[in-house]
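Worksheet: the structure to be examined is printed underneath.
The values are calculated or read from the model by the stated rules, or taken from the named source; none is laboratory data. Here the structure is a predicted model, which is why all the values come from computation and not from measurement. Note that we place each Cβ from the backbone using ideal geometry, even for glycine, and neighbour counts take in every protein chain shown. Calculation scope for accessible area: heavy atoms of the full protein, side chains included, ligands and nucleic acids excluded. Shrake-Rupley method; radii C 1.70, N 1.55, O 1.52, S 1.80 Å.
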Amino acid sequence: MQLTGKQLIGADIVAEGTTTFHGYTPHNGQPTATTFYEATDAEIDRAVALADNAFWTYRKTLDVQRAAFLEAIATEILALGIDLIDMASQESALPTARIEGERGRTVAQLRLFATFIRDETWVRPISSPLQLQKMPNGEPAMLHQRQIALGPVAVFGASNFPLAFSVAGGDTVSALAAGCPVVFKAHPAHPATCEMVGRAILNAAQQTGMPGGVFSLVHGASNRVGERLVQHPAIKAVGFTGSFRGGKALYDLAVRRPEPIPVYAEMGSTNPVFFLPGALVGQSDQLAASFAASVTQGVGQFCTNPGLFVTSDTATNFTTELARQLSAMPTGTMLTAGIQQAYSHGIMHQRSVAGTQQPTPWTGNGAQPHLLLTSVENALQHPELSEEVFGPSTVGVLAQSKEELLSFARQLTGHLTATIHGTEADLAEYADLVDILTTKVGRLVFNGFPTGVEVNHAMVHGGPFPATTDSRSTSVGTTAIYRFTRPICFQGFPGGTV
Ligand code: NAP
């Protein structure tokens, strides 16, 4: 595919602006070939106006028509073949096997949503007879409730999933499945991958007769593009995956609009893992190896990365083996120079806060796995030790007693996940811990690891603030669709509904 670097606005490929930027190859620090044009205010407004116009037709499409659209997107993505894999790998430094897995997940997610909306019960129909109103035939009038689409949705993807949480990722798919047109803000860390997938969506829209403007994609390397998008009066909801800083900034803008709108920002998390006493008996080496693999998977660039663990201060076999495993892991290339710098600064800051020896200066471009051990007392005094440092690092909080461990758990903020490793006897002994953690997370894992989020009907990928800006929803799995719908109730209509 010949890349253009331009905006995809409805069926048009345009670039009226003069501000340009380039993608970046993390492996060699060189810019990628294509020049990308930042969207002008007029282009952003046109994309949203087209989405608003398309909404009047798109919201009335049959579920089977939208299902066919989603399936056609999956086919078009697969048709991009190795070119897409190579480009996403070049722009992210993620290995091709990982990108292939991500493409598989993206395609499977599109097909799962297509199947989901083919079942008409997805609109959650509820009916009740009325006491106060009768139909002309004397029968009680009926109330019929169901879900309907909200309107045009602005979607932002994250750099660490160039396919699965990007242009055709869970936010776009759940919005399109619900009947909402999407205007996607392309991520400046993988703009070429964004253009390829965006054009696949437009091809699918054309093949399946979807209205022009059902999908648009705008580029930008500055915050201006996203800020204007979120503040446009015709945008009715925002789906965001990325950093706390970005998600919170966009949330603040959205709630200050004359018409505030829902923002579903899925942000960072440190996903605490509790190793209870029984878990370590006779298997602390294996657990340390599995945990080290989870911490360093994808160079630690996962929102579900376990950046925090809690165990007894007597678990020295486990922490010693973990330190050995992590120090033996290879240095990895991070997604962008900015993320690598943030990782390096974050580690140095943690080390100085924890009062360990003077921070060592960071050398080279890669990210070295990192382990920091601290006491519960220190961790409670310095809450920043429990905050996300995006990359292959983890902070171990060592508790002197069960009570101390529980006191640390009680002060945790919201996380996407928490994990408990233990025996059934541990679970009974630490029932209070389970109870506390259910108030803190969207997914509680027992004897597993938080990395790896399967797309299915029961998955919850969300959690209380600051993991997300709305704990009542999930961004992964079919129930993600309900972020972009609202209930409507029809009262007394002949035949039930309109
Ligand atoms: P990011 O820097 O927040 O970028 C995400 C998108 O938001 C980009 O398009 C970015 O574009 C835009 N953006 C950021 N700040 C903005 C602002 N103030 N105003 C307007 N637009 C803004 O995130 P990232 O570095 O790509 O992703 C890494 C982070 O994502 C990590 O913290 C990771 O934990 C998190 N993450 C979370 C999940 C999840 O499901 N919860 C999944 C994957 C990753 P511009 O910079 O061009 O404006």
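Using 1/(1 + (r/R0)^6) with R0 = 22 angstrom and r between the beta carbons of Leu444 and Phe465, what's the FRET efficiency to the nearest 0.05?
According to the calculation, E is roughly 0.80.
What's the angle, to the nearest 10 degrees (0 to 90), between helix 81-92's Cα axis and the longest principal axis of the chain?
Compared with the principal axis, the helix lies near 50 degrees.
Percent antiparallel among DSSP beta bridges with both residues in the chain, to the nearest 5?
40 percent
Test of understanding: what is the full-extension gain from Gln286 to Glu424, defined as 0.36 nm times their sequence separation minus their Cα-Cα distance?
47.8 nm
Please identify every one of the trypsin sites (Lys or Arg not before Pro) in the range 197-296 that sits in a loop by DSSP and has no more than 16 other beta carbons within 10 Å of its own beta carbon.
Sites meeting the loop and neighbour criteria: Arg256.
Gap in Å between the Cα centre of the range 450-498 and the Cα centre of the range 291-325?
Cα centres, the range 291-325 to the range 450-498: 32 Å.
With Rg and the Kirkwood Rh both taken from Cα atoms, where does Rg over Rh land for the chain?
1.01
In whole Hz, what ³J(HN,Hα) sequence does the range 59-68 give by Karplus (6.51, -1.76, 1.60; θ = phi - 60°), x for Gly and Pro?
Karplus-based 3J(HN,Hα) across the range 59-68 equals 5, 9, 5, 6, 3, 5, 5, 5, 4, 5 Hz.
Just need the Rg to Rh number for the range 273-446, please, alpha carbons only, Kirkwood Rh.
Result: Rg/Rh = 0.95.
As an exercise, use a Förster radius of 35 Å and the Cβ-Cβ distance of Gln341 and Ile488 to find the FRET efficiency, rounded to the nearest 0.05.
0.15
Label-point separation (nm) for Asp12 and Gln400, each offset 7 Å from Cα along Cα-to-Cβ?
Between Asp12 and Gln400, the label points sit 6.9 nm apart.
How far is it, in nm, from the label point at Lys134 to the one at Glu384 when both lie 7 Å from their Cα along the line to the Cβ?
The answer from the label model is 7.2 nm.
If you take the beta carbon distance between Asp86 and Thr356 as r and set R0 to 45 Å, what does 1/(1 + (r/R0)^6) give as a FRET efficiency, to the nearest 0.05?
Efficiency computed from Cβ-Cβ geometry: 0.60.
Can you give me the accessible area per residue for the chain, using a 1.4 Å probe, in Å²?
41 Å²
If you stretched the chain out fully between Asn223 and Thr75, how much longer would it get, using 0.36 nm times the residue separation minus the C-alpha to C-alpha distance?
Difference between extended and current length: 50.0 nm.
With the crude spin-label approximation of a point 7 Å out along Cα→Cβ, what separation in nm comes out for Ser407 versus Asp313?
1.1 nm
Just list whichever of Lys6/Lys440; Lys60/Lys134; Lys6/Lys236 have alpha carbons separated by over 32 Å in the model shown.
Pairs exceeding the cut-off: Lys6/Lys440.
Please identify which residues in the range 162-205 have an amide N closer than 12 Å to a label point set 7 Å out from the Cα of Thr115, following the Cα→Cβ vector.
Zone members listed by number: none at all.
Carbon and sulfur: what percent of the chain's accessible surface (1.4 Å probe)?
53 percent
Which order, highest average first, do 168-181, 443-456 follow once you tally other Cβ atoms within 10 Å for each residue and take the mean per peptide?
Final packing ranking: 168-181, 443-456.
If you take the C-alpha gyration tensor of the range 1-54, multiply each eigenvalue by 5 and take the square root, what semi-axes do you get, largest first, in whole Å?
Three semi-axes, in Å: 26, 12, 9.
Using packing as a proxy for protection, rank 157-163, 432-438, 101-107, 416-422 so that the peptide with the highest average count of other Cβ atoms within 10 Å comes first.
157-163, 416-422, 101-107, 432-438
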